[in-house]
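Derivation of every value follows stated rules applied to the coordinates shown; laboratory data play no part. Because the structure is a prediction, the values reported are computed rather than measured. Positions of Cβ are backbone-derived with ideal geometry, glycine not excepted, and every protein chain shown enters the neighbour counts.
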Amino acid sequence: MEITGKIIAVLEPRRGTSSRTGSEWVCGQYVLETMDQYPRKLFFEVFGADRIQQFNIQLGEVMTVSFDIDAREYQGRWFNGVRAFRVDRNVQAAPIAAAPVAPDTTPFGGAPVPTQAPAAPATETPAAAPFAPQAEGEDLPF
């Protein structure tokens, strides 16, 4: 999956030692905010010192992050993990604005909307109501 946004937080990396191999590991942590009308935030991680150095993610950068989502169980509870595997900095940060609507355009490519309803001829009788209550308390048409 991919998401484009601005890095709004660079958190302290998590560090540890593998119980299986005994080697040290590091996991960088970041928060990206989308630039949509209703911005959303995404917390993601970059695993490995080599990738952290390669990506060199800085606060305030606008980028597209490609990531994998994975879930795992720990002591009967499930947790989601979002890990980045690629970043693309060739993104233009353009604010999202609504396009102006010309007053003479028709909605959804259909017929023009009339500004005033046509008057009904005086000789016609008014149409009956679409439904009438059957008995007291019964006001549903079906």
Inset, instruction - Please get the size of the charge dipole for the stretch 2-88, origin at its Cα centre, with Cβ charges of +1 on Lys and Arg and -1 on Asp and Glu, quoted in debye to the nearest 20. - result: 260
Inset, instruction - For Glu2 and Gln75, calculate 0.36 nm times their separation in residues minus their Cα-Cα distance, and state this gained length in nm to one decimal. - result: 23.2 nm
Inset, instruction - Give, as ranges by residue number, the residues of the stretch 1-37 whose backbone N falls under 17 Å from the point 7 Å along Cα→Cβ of Val62. - result: 3-9, 32-37
